Every structure is written in C-alpha cells, then in structure tokens.
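> Quick one: this structure, given as structure tokens, is what I'll be asking you about.
The values are calculated or read from the model by the stated rules, or taken from the named source; none is laboratory data. As the structure is a computational prediction, the values presented were derived from the model and not from experiment. Here the Cβ positions follow ideal geometry from the backbone for every residue, glycine too, while neighbour counts run over all protein chains shown.
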Ligand code: NAD
Ligand code: DAU
C-alpha cells in the first residue's frame, strides 16, 4: 500500500497521518500538503523520521503535480483531507475555497483515474467531508442521516458539497472505488486557533475577549479528533465502496453552554477565581448565514462497522486544554506566524 494522505500537516490530517504511520508500518505513507497558514509540520514532528513516512510539499490545485506524485510514488490509496476549512474565511474569500476544495479535489480524482483506470483492483479514494453539506437543522431533535438532502449554505460547505458530488460522479461514471465520510465538529490538540475552542482557550489564557457570534444558541456536535482518525481507519479498511458514512460525537452543545464550561474548567486549571473567565464573554455581530444546528445520526457507522466515539466530552476537553497549556510554544509560534517563516526557508514559499 502506497497511501497518499493529503492535508496531513493540518489539524485532523496530522492525527490521521500519525495513526497510519504508527499502526501500519507496512504501508508507505506519503503526506502531501501545501503548507498554507493552516499547515504546520510541527504537528507531526514526532513521526517525521519514521522509515515509512515521506513529506511532499504540493498543491492539489496543480493537476500536473498531482499526476507526477501519483505516478512517482505509485500511489494505490488516497485519504483526502486537504482543504480550506474555516467558514469565516470562506465568507471573506470564497474563491480560494472553490480552487482548493472543488478544483483541487477534482484534479486529484482525475490524476488517480488516469493512473488507475486499467486496473481498479486494490485502489481506493477516500474523501473526508463535513456534516455542513447537509445545511442547518432547527433547534429540535432532528438529525442528519446519510440520506439527508444536500443544502449547503456557506461558500465553505458549498465547495465541500461540490467536491462530494465529484467523488460520487467518479464512482458512478468510471467505477472508481471511493468512500466518503461526513463528520461533525472536531476538537483536540493541534487545532488552529481561529476555530471556536482553540481560539477561546488562547484568549482565556491571555485574558482577551471571547467573541460569541449572535445569541450563542447555535448548536454543534463535538467529536474528539483521535476518535475521528479511528473512524477514518475503520472506514478506509472496512467501508463499502460507493458508500457514505456519517461520523458524529453524540455530543451536542450550544455555543454558550460550551463556552461557559470551557471558562469554568480553565479557571480551575489556571487557579483563577470561579467566574473570572466568563467575564471575558462578549456578544458580537452574528456570522453571515450562520447555520443554527448540526447533529449527526451515526447509526449506520455503528451498525455496519461497529464504530462509536470512545471519549466523553468532559475527558476530551480536559485533555485538550492540558495540551494547549503544556504546548504554549506551539500556540505562540502559530499566533505569531513564526512556524511559517521556518517552513518557507526549508521548503520554499
Ligand atoms: P485544516 O485547515 O486544519 O488543515 C487543512 C490542511 O490542508 C492544511 O495542512 C493545509 O496546509 C492543507 N491544504 C490547504 N490547501 C491545500 C492545497 N491546495 N493543497 C494541498 N494542501 C492544502 O483542516 P482540518 O480542520 O484538519 O480539516 C481537514 C479536513 O476535514 C477538511 O477536508 C475538512 O473539510 C474536513 N472536516 C473538518 C472538520 C473539523 O471540525 N475541523 C469536521 C469535518 C470535516
Ligand atoms: O461541522 C464540521 C465543521 O466544523 C467543519 O467542516 C469545519 O471545517 C470546522 O471549521 C467547523 O465549522 P464551524 O463553523 O462549526 O466551526 P467554528 O469553530 O468556526 O465555529 C463553531 C461555532 O462557534 C459556530 O456556531 C460559530 C461560533 N463561533 C466561532 C468563532 C470562531 C463564535 O461564536 N465565535 C467565534 O469566534
């Protein structure tokens, strides 16, 4: 197995790369990443000397480069995570999301098709997607299933929805072996501090305001990132080709409840007075087109592949906060941009 993992220097990708490099020493893992602002090789420095690991700096939007990589490394499997992933950035700059998520994914599919079309045996293209393609749920107990109609509402989720459709088109039209998973909100170590949980941890540490969008009643379903990596492993090895699997945490929180919990746990860990960090909460203008609620029905994954989340939220959030508190250098490098100067020197801009 020569397994190409794209986006392996990012948040979820780094946990997926670590899992596959350590659990499958017989696989050659090729981590391809453009090292955008979100890519940080420090995330995987503990495994980067492993004999079955290779890093390639590359851009999925560059078709010629993708053709070369698939050919040069005789790639037989792909787990595709590379993406622009932040909704707020997609509101200010939608076209980069079209370029990477839609065109980039299509390029990768095309390069794989050209290399694999004479023999699909033993090949697999695994596309990692999001629950946001299904749109927004009301504040009730409805859930997204694999049969929920697509209804993306942000440039980010629309570009991911488009990429999902291209993957299915390659399955139906060319018989490319593919699987897709759509996952809920992840949290854990190495999460870039522009997303809610790591941003607020960093702001609480530095006693900066906590900008709550709108009323704070929006709901997300949170999953610990290592549980997502384990689900990807299960789906990659046991998933039925052409199928989609939803992955969720069974763990819904309104933003404001989650933020208040975060404040309380951090006050206790930082030896601050009870209620001190909550005073940093500041209600700000809502995100444009803000989806109200996401919730995943993970019944198919549980029934067919036996996967369930392993970590309770209380344990996961405590582990996550501890990681940020003991990796202050990582946070400082990321927030100051130092990590990018280093990689630009090593790999070129
Ligand atoms: P991230 O932003 O942390 O990482 C994305 C990685 O992709 C970075 O390392 C970046 O350098 C790389 N990349 C970006 N553009 C590239 C390009 N043109 N060519 C090659 N590499 C490029 O993202 P994440 O949160 O780890 O998400 C990973 C994947 O999982 C995405 O596809 C995302 O849509 C999906 N997803 C994320 C979540 C979540 O909660 N974070 C939930 C469900 C699904
Ligand atoms: O559901 C899966 C998706 O989860 C992934 O596909 C995306 O890549 C990932 O970024 C995430 O999207 P969200 O928009 O849900 O995540 P974010 O952390 O940006 O926001 C979580 C919630 O918190 C959302 O309701 C908006 C709110 N929020 C966010 C930020 C950054 C705030 O209230 N204030 C903030 O400063």
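> Give the stretch 115-148 a look and list any residue that's part of a helix (DSSP H, G or I) and within 16 Å of residue 2 (Cβ to Cβ), or say none.
Within the stretch 115-148, the first condition is being part of a helix (DSSP H, G or I), and the residues that meet it are 115-116, 131-134.
Once the filter is applied, which keeps residues that are part of a helix (DSSP H, G or I) and within 16 Å of residue 2 (Cβ to Cβ), the stretch 115-148 yields 115, 116.
Conditions tested, residue by residue: (1) more than 8 Å from ligand 2 (Cβ to nearest atom); (2) over 18 Å from residue 130 (Cα atoms).
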position: 148; (1), (2): yes, no
position: 156; (1), (2): no, no
position: 183; (1), (2): no, no
position: 197; (1), (2): no, no
position: 203; (1), (2): yes, yes
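> Criterion first (over 30 Å from residue 21 (Cα atoms), more than 9 Å from ligand 2 (Cβ to nearest atom) and without any contact (Cβ under 8 Å) to a residue 24 or more places away in the chain) does residue 252 satisfy it?
Details: over 30 Å from residue 21 (Cα atoms): yes; more than 9 Å from ligand 2 (Cβ to nearest atom): yes; without any contact (Cβ under 8 Å) to a residue 24 or more places away in the chain: no.
In short, no.
> Out of curiosity, is residue 270 more than 14 Å from ligand 2 (Cβ to nearest atom) and either at positive phi or in contact (Cβ under 8 Å) with a residue 24 or more places away in the chain (or both)? Spell out the reasoning first.
Values: more than 14 Å from ligand 2 (Cβ to nearest atom): yes; either at positive phi or in contact (Cβ under 8 Å) with a residue 24 or more places away in the chain (or both): yes.
It is true that residue 270 is more than 14 Å from ligand 2 (Cβ to nearest atom) and either at positive phi or in contact (Cβ under 8 Å) with a residue 24 or more places away in the chain (or both).
> Across the stretch 13-30, what is the total count of residues that are surrounded by 24 or more Cβ atoms within 10 Å (Cβ to Cβ) and within 19 Å of residue 189 (Cα to Cα)?
Selection size over the stretch 13-30: 7.
> Oh, and also: Here are some conditions: (1) under 19 Å from the mean Cα position of the chain (by Cα); (2) more than 29 Å from residue 155 (Cα to Cα). Residue 102 meets all but one. Which one does it not meet?
(2)
> Now for a separate question. Would you mind telling me which numbered condition in (1) within 12 Å of ligand 2 (Cβ to nearest atom); (2) surrounded by fewer than 17 Cβ atoms within 10 Å (Cβ to Cβ); (3) at negative phi residue 119 fails?
The one condition residue 119 does not meet is (1).
> Report yes if residue 301 is closer than 20 Å to residue 210 by Cα and either in a helix (DSSP H, G or I) or within 16 Å of ligand 2 (Cβ to nearest atom) (or both), otherwise no.
On the way: closer than 20 Å to residue 210 by Cα: no; either in a helix (DSSP H, G or I) or within 16 Å of ligand 2 (Cβ to nearest atom) (or both): yes.
Answer is no for this residue.
> Another question, then. Can you say whether residue 213 is within 12 Å of ligand 2 (Cβ to nearest atom), under 30 Å from residue 272 (Cβ atoms), touching a residue at least 12 places away in the same chain (Cβ under 8 Å) and crowded, with 22+ Cβ neighbours inside 10 Å, as far as the supplied structure shows? Reasoning before the result, please.
Working: within 12 Å of ligand 2 (Cβ to nearest atom): yes; under 30 Å from residue 272 (Cβ atoms): yes; touching a residue at least 12 places away in the same chain (Cβ under 8 Å): yes; crowded, with 22+ Cβ neighbours inside 10 Å: no.
So residue 213 does not fit the description; no.
> Regarding residue 218, is this residue within 14 Å of ligand 2 (Cβ to nearest atom) and at pLDDT 95 or above? Before you say what the answer is, go through the steps one by one.
Values: within 14 Å of ligand 2 (Cβ to nearest atom): yes; at pLDDT 95 or above: yes.
Yes.
> Also: Taking strands (runs of 3 or more DSSP E) that fall entirely within the stretch 233-284, which contain at least 2 residues that are within 16 Å of ligand 1 (Cβ to nearest atom), in contact with a strand residue (DSSP E or B) (Cβ under 8 Å, 6 or more places away or on another chain) and modelled with pLDDT of 95 or more? Let's see the steps before the verdict.
Values: elements: 244-247, 252-254, 281-284.
Qualifying strands (runs of 3 or more DSSP E): 244-247, 252-254.
> Quick test for you: out of 38, 61, pick the one residue that is over 26 Å from residue 198 (Cβ atoms), within 8 Å of ligand 1 (Cβ to nearest atom) and part of a loop (DSSP other than H, G, I, E, B). Even if it seems obvious, please write down each step before you answer.
Numbers: 38 fails: over 26 Å from residue 198 (Cβ atoms).
Just a single option satisfies the conditions, and that option is 61.
> Still on this model: For the stretch 37-49, name all the residues that are touching a residue at least 12 places away in the same chain (Cβ under 8 Å) and either surrounded by 18 or more Cβ atoms within 10 Å (Cβ to Cβ) or touching a strand residue (DSSP E or B) at 6+ places or on another chain (Cβ under 8 Å) (or both). Steps first, please.
Residues of the stretch 37-49 touching a residue at least 12 places away in the same chain (Cβ under 8 Å): 37-44, 46-47.
38, 39, 40, 41, 42, 43, 44, 47, listed by residue number.
> Something else: Mind telling me which of the residues 190, 186 ends up being in contact with a strand residue (DSSP E or B) (Cβ under 7 Å, 6 or more places away or on another chain) and near ligand 1 (Cβ under 10 Å from one of its atoms)?
Values: 190 fails: in contact with a strand residue (DSSP E or B) (Cβ under 7 Å, 6 or more places away or on another chain).
Of 190, 186, the one residue that is in contact with a strand residue (DSSP E or B) (Cβ under 7 Å, 6 or more places away or on another chain) and near ligand 1 (Cβ under 10 Å from one of its atoms) is 186.
> For the stretch 1-29, name all the residues that are within 16 Å of ligand 2 (Cβ to nearest atom), in a helix (DSSP H, G or I) and more than 19 Å from residue 124 (Cβ to Cβ).
Scanning the stretch 1-29 gives 11, 14, 15.
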